[in-house]
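Single-structure report; data block below.
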Amino acid sequence: MNFEHCMRCTICVENCPVFRVNPAFPGPKQAGPDAQRFRSKREKAVDEWVLLCSQCKRCEMSCPSGVEPAQIILEAQQRFGAEHPHTPAHLLFANNYYLSALGSLTAPVANRVAATATGRKIFNAFGIATSIPFPPFRFRKLSREKKTRSRSGRKVAFFYGCFINFYRPDIGRKIIRLLQYFGIDVVLPPQWCCGLPALGNGNLSLARSFALKNAASLSNYVDAGYDILYSCTSCGLCLLHDYQRILDVPQAKKIAERTFDLHEYLLRLINDGDIEPAFTEVRRALAYHIPCHLRALKIGYPAVKLLERIPGLSCAVLDDSCCGLSGSYGFKKSNEATAMELGRRAVYRISKTGAEAIVADCGSCRMQLGALSELEAFDPVEILCESLNICAPKTG
Amino acid sequence: MIEYDVIVIGAGVAGFTAGADLAGKGYKVAVVTTGEPTVCLSTGCIDLCAGPSAREGLEALPDEHPLRRLSLADMEAALNGFKKTMDDLALTYTGGLDVNRKVLSALGSFKTTCLVPDTMAASPQTNDEAIHIVTFEGLKDFYPAYILSRFPQASFSVYDAGASTTMGIASRFEQGLFREAFVAWLEGQRIRENKIGIPAVLGLEDTQGVLREIEYHLERPVFEVPTLPPSMPGRRLFNALKAHFRNQGGDIYWSWPVAGVEKTGHLVEAVFTPTDGKPNSLNARAFILASGSFVGGGLTATRETIVENIFHLPVFVPSARAGWFEDNYFSANHAISRAGVLADSSFRPEGAGFENVFVCGGILAHAQILKFGCGNGLSLTTGYAAAKACAEYLS
């Protein structure tokens, strides 16, 4: 919807987590539709403060007039990035995929260096924040898993994303086992970073090159009759939304029509009567932190519906707070204070529920909330697997 | 395919009230909404009907007014249910049908309302009360001079909160150290007046606690003065309604504008929203339309007429376009304020022939919210009544 539909009601501003804690950010209304009137293609972008937006999309979720402030700001971020030199932190995080591939290859050394005081100093020198520990790399990436076959004829291609691949391949393996448990064929198509980190760091051309490679690969699988599943909500939002809206990927629409959130997919199978999971009791009191990008996917909260079926489980749903980390956003020194304050607020709300552990779909939300609350933070898949007694096989 | 018993369209006072009532009765309910509702822009007060008391005002309402479709007993039940719910969520409201209370506005004038949030309960009732107004450095759209011009015994002082927006200041009031510094400064002002008025910025989460803390140290009543949007009391009400709906087991779909409807005969079967990929639809046995009036997005005025955006229901259009507005901008009698959907006694839209669609809130025809002072209260009571009619239909 056009920025001119904004009626200045300021509901988006009230919903902006960054605006609440960082006075330097003018808020989505001013940074989005208001400033848009003054942006001209003939003048160099001067609105550096657009980089303070974390792209949580809460402004878009709340706008009663259908204006998309985050989208306007995202475009302004790309323009600013194209016209100005990038800081080391922006460059590094945009290339997070290559960096993580290197880290994973040298995991035993890289993890040790990152944990030392010198490692932290190096991080800080590049403008990278170290308030919460950087997640350790895993040596055995998920992409090395073999494809699996079954006879049900239902087949999916799993877009696992960088977080699972480089940091938590064990969750990826659990997802594969879970899908196998329901008799679903799983393949791991050739894939790269979804491109969101590059977009978030104002690097449109890099994001587009990732997107084109992914789209070429995924569209082959769609043609071959596969459904595409994602488990990272931010990867999913990028695949579904940004590939069409800003990255201009030719196969985007075709892919979007066949792409599902993992839990959404399972819930559909259950509702259609195709599978009937026999959940066993799990005695846990959980707080489900809804990632901002899950909200933005407009599919409701499917994992909540699955968790509700588990006997003995209590799960408080919290969708009002942003964890503040927003992927690489909070890892930049310039956003550290904002991210920490937002994280503290989110943790305060979680602690009020009396939950013993946190559950969230998004790896970066879990990193932030787990580190700040000192509670365990699970992926919903881990809870589902616990209830269905599915264990990921040990790997070397 | 996802199945619900009831889908409510609109996340305002009417939508959440109806949704929570039905969810509380055990039905599977979802609220779908384009964005956040106009209640966020309101003062958080529940106006039901202008007059010395809502009861007297209601008797004088014209026959076609939607509140006339409700019995007094239903209205009382709706208000009492609301008060009980809000009290449990630490957002206490006081008042009732028998007396309307006054709330001091940022212009120094009074608004009349039926239910008052606790933070405005101490608002002065006459102009001769001695009050002290506190405002904040750089806060836009709040000028104590307006109030002082109408209150002979009033004074004001200005505090530098380090933020100049209502949201920014409210955020600071949630921090203990900020509150301590504020209270210490306020004590140093040597205020002589009996009451202290503060723009409605006293936090979002535990406002009553913040208010009590200031009252305890200053040893006199403190009240909030509602501000222009962004309005914290409106947002508190919205948050509480949302929490209540969710506590009753309801699902919320944000940013879910309804773009299409599937119907067979006299029944609506499903609603659709546009997505980036596969079609996204929700099925239900009954639908409640609580999409609000023009600002809320339920109605759209075209050059020739007025349309209802979701089900394309027949709309009562008061006159040809030339007659929609009076010359006086501030008139409460603009004909367009009568526009809306006509509802029968079971809150089904008139002339549409749908058996399983119910309508409530600001979209109702002849509401004339400004003239009769029924903002939020109309939504609350008709939401209650629509839920009751819907539950009867479902069983």
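The values are calculated or read from the model by the stated rules, or taken from the named source; none is laboratory data. None of the values given here were measured: they were computed from a predicted structure. A quick note on method: Cβ atoms are made from the backbone with ideal geometry, for glycine too, and the neighbour counts reach across all protein chains shown. Side chains included, ligands, DNA and RNA excluded: accessible areas come from the protein's heavy atoms. Shrake-Rupley method; radii C 1.70, N 1.55, O 1.52, S 1.80 Å.
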Completion exercise
Under a 1.4 Å probe, counting only protein heavy atoms, A:Arg120 has an accessible area in Å², nearest 10, of 100
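What percent do you get for the relative contact order of the stretch A:113-265 when only Cα pairs under 8 Å and 6+ apart count?
Working: 212 pairs, mean separation 32.0, N = 153.
It comes to 21 percent, rounded to a whole number.
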Handout entry: Selected from B:Ala181, B:Ala130, B:Ala163 as most flexible by GNM, with chain B as the system and alpha-carbon contacts under 10 Å
Key = B:Ala181
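Expressed as a rounded percentage, what relative contact order does the stretch B:1-156 have, with Cα pairs under 8 Å and six or more residues apart?
On the way: 207 pairs, mean separation 27.0, N = 156.
Dividing the mean separation by the residue count of the stretch B:1-156 yields 17 percent.
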Practice task
Report the charge-dipole magnitude of the stretch B:123-220 in Debye, nearest 20, computed about the Cα centre from +1 at each Lys and Arg Cβ and -1 at each Asp and Glu Cβ.
Solution key: 240
Handout entry: Kirkwood estimate for chain A, i.e. one over the average of 1/r between Cα atoms, Å
Key = 21.6
Fill in the blank from the handout: Simple SL model, points at 7 angstrom along Cα→Cβ for B:Arg321 and B:Ala301; separation in nm is 1.0
Handout entry: Integer Hz, Karplus 6.51/-1.76/1.60 couplings in order for the stretch A:204-212, x for Gly and Pro
Key = 4, 5, 5, 4, 5, 5, 4, 4, 5
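Given the -39500 (n - 2.57) contribution per DSSP H run of 4+ residues, what per-residue ellipticity at 222 nm results for the protein assembly as shown, rounded to the nearest 500 deg cm²/dmol?
Working: 29 runs with 282 residues, N = 791.
The helix-only estimate for the protein assembly as shown comes to -10500 deg cm²/dmol at 222 nm.
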Fill in the blank from the handout: Over all Cα pairs of chain B, the Kirkwood radius sets Rh, and Rg/Rh then becomes 1.00
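Is there a pair in A:Lys155/B:Lys242; A:Lys305/B:Lys25; A:Lys174/B:Lys278 whose C-alpha atoms are over 29 Å apart, and which pairs would that be?
Values: A:Lys155/B:Lys242 39 Å; A:Lys305/B:Lys25 19 Å; A:Lys174/B:Lys278 27 Å.
Among A:Lys155/B:Lys242; A:Lys305/B:Lys25; A:Lys174/B:Lys278, the Cα-Cα distance tops 29 Å for A:Lys155/B:Lys242.
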Handout entry: Accessible area that becomes buried as B packs against A, both chains, 1.4 Å probe, Å², nearest 100
Key = 3100
Handout entry: Cut-off 12 Å, label 7 Å out along Cα→Cβ of A:Glu376, residues of the stretch A:253-292 by amide N
Key = A:283-286
Exercise for the section: Using the Karplus curve 6.51 cos²θ - 1.76 cosθ + 1.60 with θ = phi - 60°, work out ³J(HN,Hα) for each residue of the stretch A:249-255 in order, rounded to whole Hz, and write x for Gly and Pro. Expected result: 8, x, 8, 4, 5, 4, 5
Practice task
Output the DSSP H helices from chain B with an along-axis C-alpha extent of no less than 15 Å and a mean Kyte-Doolittle hydropathy no less than 0.0.
Solution key: B:13-24, B:176-187, B:377-394
Completion exercise
With all protein chains present and a 1.4 Å probe, the order of A:Tyr160, A:Tyr181 from largest accessible area down is A:Tyr181, A:Tyr160
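Could you compute the FRET efficiency for A:Asp272 and B:Gln153, with r as their C-beta to C-beta distance and R0 at 60 Å, rounded to 0.05? Show your work: numbers first, answer last.
Details: r = 71 Å, r/R0 = 1.18.
The calculated FRET efficiency here is 0.25.
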Exercise for the section: Given a cut-off of 18 Å, name the pairs among A:Lys57/A:Lys298; A:Lys29/A:Lys332; A:Lys213/A:Lys253; B:Lys102/B:Lys371; A:Lys121/A:Lys141 whose C-alpha atoms lie farther apart than that in the structure shown. Expected result: A:Lys29/A:Lys332; A:Lys121/A:Lys141
Exercise for the section: For the stretch B:42-199, state the semi-axes of the equivalent ellipsoid (square roots of 5 times the eigenvalues of the alpha-carbon gyration tensor), sorted largest first and rounded to whole angstrom. Expected result: 34, 19, 13
Practice task
Report, in degrees rounded to the nearest 10, the 0 to 90 angle that the Cα long axis of helix A:169-181 makes with the longest principal axis of chain A.
Solution key: 50
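Using a Förster distance of 45 angstrom, determine the FRET efficiency expected from the C-beta separation of A:Ala24 and A:Gln244, and round it to 0.05.
With a Förster radius of 45 Å, E is 0.90.
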Practice task
Any chance you could get the radius of gyration and Dmax over the Cα atoms of the protein assembly as shown, in Å?
Solution key: 27.3, 85
Problem - Cα-projected label distance for A:Lys121 with B:Glu64, points at 7 Å along beta-carbon direction, nm - result: 8.1
Handout entry: Candidates A:Lys44, A:Lys333, A:Lys155: whichever shows maximal mean-square fluctuation once chain A is modelled as a Gaussian network with Cα springs under 10 Å
Key = A:Lys44
Problem - Rh by Kirkwood over Cα pairs, then Stokes-Einstein D for the stretch B:123-220 at 1.002 mPa s and 20 °C, µm²/s - result: 155
Fill in the blank from the handout: With all protein chains in place and a 1.4 Å probe, B:His244 shows an accessible area in Å² (nearest 10) of 40
Practice task
Compute from the Cα atoms of the stretch A:204-279 the Rg and the Dmax, the latter being the longest Cα-Cα distance, and quote both in angstrom.
Solution key: 14.0, 47
Practice task
Would you mind checking the tilt of helix A:96-105 against the longest principal axis of the Cα atoms of chain A, expressed as 0 to 90 degrees and rounded to 10?
Solution key: 40
Completion exercise
With all protein chains in place and a 1.4 Å probe, B:Ile198 shows an accessible area in Å² (nearest 10) of 0
Handout entry: B:Glu350/A:Ser314 FRET efficiency (R0 51 Å; Cβ-Cβ; nearest 0.05)
Key = 0.70
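Length gain on complete extension for the stretch A:Tyr181 to A:Ile390, per 0.36 nm per residue less the alpha carbon to alpha carbon distance?
Values: separation 209, 0.36 × 209 = 75.24 nm, distance 0.81 nm.
The span from A:Tyr181 to A:Ile390 would gain 74.4 nm if fully extended.
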Exercise for the section: Quickly work out the A:Arg349-to-A:Val109 label distance, labels modelled 7 Å from Cα along the C-beta direction, and quote it in nm with one decimal. Expected result: 4.3
